[in-house]
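Accompanying notes for the structure given below.
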Amino acid sequence: MTDITDIKHPTPLTSGDFTAAEDPFALFAEWFAEAVKSEPNDPNAMSLATVDANGLPDVRMVLMKGYDAQGFVFYSHVASAKGRELAANPKAALLFHWKSLRRQIRVRGNVTPVTEAEADAYFATRPKQAQLGAWASKQSQPLESRFAFEQAIAVVAAKHLISEVPRPSGWSGWRVHPAQFEFWHDRPFRLHDRIEFRRDAADAAWVKSRLYP
């Protein structure tokens, strides 16, 4: 899986009534395609929720860098807070919120690391300055000053002045495999539409339910 602009997405639905959808991935593809056209910034932004060692939820915004029928992919440092939490408890929840469309999608499921080849391929597409930052950053660790970080970037940049920047071994990605989707669409007077899809296993059929707003 490479950059989000190069992904082969599931075929979007064509029906105007999303509550008639039977395939959550196809419905996601339709909504995401519309969000790409309407959102002024980062339509692929999503909140990622994990749980720490004490069972305390932890949430932050990340960028979805790819999706297909297997799940949703994002990248970060393995030693970051999210990386440590996913190593201990490989489950996560995602939330996409597109304010311009008055829609949101919730996703929950198990998480697995992407392959080395996938991580290498995506890292190669990043701007060189971002690649250097991945080497210089001790993500989620205390930082004494911004100047110290800039110095660390300069040291890495000097090492790769005319060469390609390889992917750090501690920088990789994860794939969230959905076991549950919820599609929410705003309606007047808080009479919203909500459709939920659940399945017990990756090869099981989706079970769809309509939820009270």
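The residues of region 128-146 that are surrounded by fewer than 17 Cβ atoms within 10 Å (Cβ to Cβ) and hydrophobic (A, V, I, L, M, F, W, C), listed by number, are Ala130, Leu143.
Does Ala119 fit the bill of being surrounded by fewer than 12 Cβ atoms within 10 Å (Cβ to Cβ) and under 23 Å from the mean Cα position of the chain (by Cα)? So Ala119 does not fit the description; no. In region 126-145, the residues that are more than 11 Å from Ala157 (Cα to Cα) reach residues that are assigned to a loop (DSSP other than H, G, I, E, B) and among the hydrophobic types (A, V, I, L, M, F, W, C) with C-beta atoms within less than 9 angstrom, at least six apart or across chains, in these pairs: Arg126/Val165; Ala134/Val165; Ser137/Leu143; Lys138/Ala79; Gln139/Ala79; Ser140/Ala79; Gln141/Ala79. Being modelled with pLDDT under 95 and of a type in the set (A, V, I, L, M, F, W, C) is a description that applies to Ala69.
Taken over region 24-38, the criterion of being surrounded by 17 or more Cβ atoms within 10 Å (Cβ to Cβ), in contact with a helix residue (DSSP H, G or I) (Cβ under 9 Å, 6 or more places away or on another chain) and in contact (Cβ under 8 Å) with a residue 40 or more places away in the chain is satisfied by Leu27, Trp31, Ala35.
For region 7-40: of the residues being over 30 Å from Tyr212 (Cβ atoms) and either in contact with a Ser or Thr (Cβ under 8 Å, 6 or more places away or on another chain) or in a loop (DSSP other than H, G, I, E, B) (or both), which is modelled with the highest pLDDT? Step by step, filter region 7-40, then rank; the result is Pro40. When the residues of region 149-175 are filtered to those that are within 18 Å of Ala79 (Cα to Cα) and buried (at least 19 other Cβ atoms within 10 Å of the Cβ), the one that is farthest from the chain's Cα centre (by Cα) is Arg167. Within region 173-199, residues that are within 30 Å of Ala124 (Cβ to Cβ) have Cβ atoms under 7 Å from residues that are assigned to a loop (DSSP other than H, G, I, E, B) in these pairs: Gly173/Val114; Trp174/Val114; Arg175/Gln70; Arg175/Val114; His177/Gln70; His177/Ala202, counting only partners at least 6 apart in sequence or on another chain.
Of the residues Ser100, Ser80, which is among the polar types (S, T, N, Q) and crowded, with 16+ Cβ neighbours inside 10 Å?
Ser80 is the lone residue from the list that is among the polar types (S, T, N, Q) and crowded, with 16+ Cβ neighbours inside 10 Å.
Please work out if His192 is out of contact with any Lys or Arg (no Cβ under 8 Å at 6 or more places or on another chain) and closer than 21 Å to Ala92 by Cβ. It is false that His192 is out of contact with any Lys or Arg (no Cβ under 8 Å at 6 or more places or on another chain) and closer than 21 Å to Ala92 by Cβ. Yes or no: Trp171 within 18 Å of Lys138 (Cα to Cα) and of a type in the set (Phe, Trp, Tyr)? Yes; evaluated as a whole, the condition is true for this residue. Restricting region 200-213 to residues that are in contact (Cβ under 8 Å) with a residue 24 or more places away in the chain and among the hydrophobic types (A, V, I, L, M, F, W, C) leaves a set whose member that is surrounded by the most Cβ atoms within 10 Å (Cβ to Cβ) is Trp206. The residues in region 41-57 that are farther than 14 Å from Val73 by Cα, assigned to a loop (DSSP other than H, G, I, E, B) and not aliphatic (A, V, I, L, M) can be counted, and the count is 6.
The values are calculated or read from the model by the stated rules, or taken from the named source; none is laboratory data. Predicted model only: the values in this text are computed from it and were never measured. Here Cβ is always computed from backbone atoms with ideal geometry, including for glycine, and neighbour counts include all displayed protein chains.
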